[in-house]
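First the structure, in the form of structure tokens, and then the observations on it.
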Amino acid sequence: MAAFGLAALSLGGVVRFVAQASFQQALTPDRLLGRMSATARFVSSGGIPLGGLLGGASGSVFGARPPCGSVRPG
């Protein structure tokens, strides 16, 4: 069951990425496609290092147990 959920989640990510890229390319003038793609990728990936820094800082301040418990489902 978990493998099915992971596969569905992965497929959803792929579908979202393709739909987003198609939508952006349809609305953006040809001369700006490169800039738009680079900006969208920078903005969407820019939060990853920030999240790592914040997660490391909260783990250093509070220990590992409270930050991990704060993202626990249920």
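A short reminder: the numbers here are calculations on the coordinates, not readings from a lab. Predicted model, so just to flag it, every value in this text is computed and none were measured. All Cβ positions, glycine included, derive from the backbone under ideal geometry; neighbour counts span all protein chains shown.
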> Which condition breaks for Gly56 when tested against (1) surrounded by 10 or more Cβ atoms within 10 Å (Cβ to Cβ); (2) more than 20 Å from the chain's Cα centre (by Cα)?
Replying inline: (2)
> Within segment 59-69, which residues are part of a helix (DSSP H, G or I) and surrounded by 10 or more Cβ atoms within 10 Å (Cβ to Cβ)?
Replying inline: Gly59, Ser60, Phe62, Pro66, Pro67, Cys68
> Name the residues in segment 9-53 that are surrounded by 10 or more Cβ atoms within 10 Å (Cβ to Cβ), part of a helix (DSSP H, G or I) and either over 16 Å from the mean Cα position of the chain (by Cα) or touching a residue at least 60 places away in the same chain (Cβ under 8 Å) (or both), would you?
Replying inline: Ser22, Phe23, Gln24, Gln25, Leu32, Leu33, Gly34, Arg35, Met36
